[in-house]
Amino acid sequence: NAGVTQTPKFQVLKTGQSMTLQCAQDMNHNSMYWYRQDPGMGLRLIYYSASEGTTDKGEVPNGYNVSRLNKREFSLRLESAAPSQTSVYFCASSESRPNQPQHFGDGTRLSIL
Amino acid sequence: LAKTTQPISMDSYEGQEVNITCSHNNIATNDYITWYQQFPSQGPRFIIQGYKTKVTNEVASLFIPADRKSSTLSLPRVSLSDTAVYYCLALMDTGRRALTFGSGTRLQVQP
């Protein structure tokens, strides 16, 4: 099983450029999430989608937009990238039943110059 | 949100048992305690989850006292490959799940 697949794995952008990070899961999960992880720190939730057609802000949503394209795919967009958005971005998915563990992709390493 | 507190780092040697304690004083009635493991350049991986008493799987054991204000992840006979960051979370039992990962515990296993 592929689990959670993120593309691209690495990306370098210039300040002001736009970028969409892609995420797809093949586990038929209803819930999907986007996190960022800065060096030496834990993960912080950017946006999540409890089900297809719904999205909600997490802890650090400013500067980002998301689209739940269908049940499998959840994309994260940076409209005008800033150096402060340099980070590793993780996508995750889970079943929507209470207290279900999340399954993570291996991340997209994004550098903004 | 149920905030969790855990040690920043721990050191151990191969073959030893490692216990990582997490405190969650304001845990809610419906929260489960969940532990994840993260290797460098990888996403976190689910290890174990429990509500109370003791849970054991092929990887670890989780001990939760009756008051549920803390929990202890126990890794038996660690090896070098157990070197990773371990995160403790208290999962909210709601449809609008706001999850908080702290800084985790960086476990270094030496030969």
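The values are calculated or read from the model by the stated rules, or taken from the named source; none is laboratory data. Remember, it's a predicted structure, so these values are computed and weren't measured experimentally. Virtual Cβ from ideal backbone geometry, glycine too; neighbours counted across all protein chains shown. SASA here: full protein model, heavy atoms, side chains in, ligands and nucleic acids out. Shrake-Rupley method; radii C 1.70, N 1.55, O 1.52, S 1.80 Å.
When the surface is traced with a 1.4 Å probe over the full set of protein chains, B:ARG45 keeps roughly 120 Å² accessible. At full extension, A:MET41 and A:LYS9 could sit 9.6 nm farther apart than now, given 0.36 nm per residue minus the alpha carbon distance.
Measuring with a 1.4 angstrom probe and ignoring ligands and nucleic acids, B:ASP31 comes out at about 0 Å² accessible.
Please state the shape class of chain A: rounded when a/c is under 1.5, otherwise prolate if a/b exceeds b/c and oblate if not, all from the C-alpha gyration tensor. Cα axes put chain A in the prolate bin.
Near A:GLY58, the amide H atoms lying under 5 Å from its own belong to A:TYR47, A:TYR48; only residues 5 or more places off or on other chains count, and H is placed 1.01 Å from N. In this simple spin-label approximation, A:SER67 and B:ASN57 carry label points 7 Å from Cα along the Cα→Cβ vector, and these lie 3.5 nm apart.
Based on Cα contacts under 8 Å between residues 6+ apart, chain B shows a relative contact order of 37 percent.
Near B:SER70, the amide H atoms lying under 5 Å from its own belong to B:HIS24; only residues 5 or more places off or on other chains count, and H is placed 1.01 Å from N.
The mean number of Cβ atoms from other chains found within 10 Å of a Cβ in peptide A:41-50 is 4, as a whole number.
Between B:LEU80 and B:THR29, 0.36 nm times their residue separation minus their Cα-Cα distance comes to what? Separation in residues times 0.36 nm, less the Cα-Cα distance, equals 14.7 nm. Amide H to amide H distances under 5 Å link A:SER31 with A:SER94, A:SER96, where only residues 5 or more positions off or on other chains count and H is placed in the peptide plane. Our note on the geometry: Cα centres of the range B:35-64 and the range A:65-92, 27 Å apart.
Here the Karplus curve 6.51 cos²θ - 1.76 cosθ + 1.60, taken at θ = phi - 60°, turns the phi angles of the range A:78-92 into couplings of 9, 6, 9, 5, 10, x, 5, 8, 4, 5, 9, 10, 10, 9, 9 Hz, with x standing for Gly and Pro.
Accessible-area rank, largest first, for A:GLU79, B:GLU58, B:GLU17: B:GLU58, B:GLU17, A:GLU79, with all protein chains present and a 1.4 angstrom probe. Determine the relative contact order of chain A: mean sequence separation of Cα pairs under 8 Å and six or more apart, normalised by residue count, in whole percent. RCO, chain A: 35 percent.
In the context of the full protein assembly, B:PHE63 retains an accessible surface of approximately 90 Å², using a probe radius of 1.4 Å and ignoring ligands and nucleic acids.
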